[in-house]
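Just so you know, all these numbers are worked out from the coordinates, no wet-lab data involved. Keep in mind that this is a model prediction, so the values were computed, not measured. With ideal geometry, Cβ positions are generated from the backbone for all residues, glycine too; neighbour counts draw on all protein chains shown.
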Amino acid sequence: MDEIGLIRSPRAQRFFRPEPVSAADIEAIIEVARRTGSARNRQPWRFVCVTDPARRRELAALGQYAQVLAGAPAVLLLLSDPDAGRDTEFDLGRVCQSILLAAHARDLGSCPVSLYPHEHAVTAARLAGSPWPWPAHHAVALGRPAETPAGRSAIPAGRKAVSELLWHADG
């Protein structure tokens with residue numbers, strides 16, 4: 001697959017086969033993620049991999065749309081330095097996209113999740129036994145894609161046309 005195909009083809013995967021994600025896959029994904037650019041090269045992120053089913057179920061209770069974490073064989077928590085500056089959330093979005101693309105390149109499905117309010121992010125890091133004192137406002141569910149059960153689909157479906165999204169200021 002060419003680079004454009006790699007960027008255009010992933011979709012949020014909410015159903016996974018039960019087989020584990022290998023440590024080699026996780027480390028390869030983080031190898032890609034750690035090379036993501038960040039403001040002033042601060043790299044205001046750390047990662048915790050959670051594979052224990054009981055912990056994943058606890059994490060799944062920490063956000064309105066976090067239920068997908070319970071069914072994923074692996075969950076990557078994205079911890080962020082709360083004192084790193086206002087552009088940290090932008091940097092976290094960039095590193096999350098790197099994780100999603102690296103997972104896709106390894107034939108893994110993924111789904112990003114937000115863990116809010118702030119208390120949930122603190123709880124998530126604590127539940128995972130994080131060695132870093134930072135909250136985990138974001139997580140990524142990872143695993144081998146499974147078939148979507150009949151009658152279950154993401155809403156709304158599809159993408160807006162470029163003409164709906166782009167305005168040319170120069171005329």
Among Asp83, Asp91, Asp52, which one shows the highest mean-square fluctuation when the chain is modelled as a Gaussian network with alpha-carbon springs under 10 Å? Asp83
Dipole-positive endmost among Val162, His138, Thr36 within the chain (Cβ charges, Cα centre): His138
With +1 on each Lys and Arg Cβ and -1 on each Asp and Glu Cβ, and nothing else charged, work out how big the dipole of the chain is about its Cα centre, in Debye to the nearest 20. 260
Percentage of Cα-Cα pair distances in the range 63-121 greater than 16 Å, rounded to whole percent? 51
The range 1-130: relative contact order as a whole-number percent, Cα under 8 Å and 6+ apart: 36
With at most 14 other Cβ atoms within 10 Å, longest stretch of the chain clear of loop trypsin sites (Lys or Arg not before Pro) (DSSP): 87-151
Can you tell which of Ala66, Ala124, Ala28 shows the greatest fluctuation in a Gaussian network model of the chain with Cα springs below 10 Å? Ala28
Cα-based Rg and Dmax for the chain, where Dmax is the largest Cα-Cα distance (Å): 16.6, 56
Which net charge results for the neighbourhood of Ser114, defined as the other residues with beta-carbon distances under 15 angstrom from its beta-carbon, given Lys and Arg at +1 and Asp and Glu at -1? -1
Hz values of 3J(HN,Hα) by residue in the range 38-45 - Karplus curve (6.51, -1.76, 1.60), Gly and Pro given as x: 8, 4, 6, 6, 6, 6, x, 9
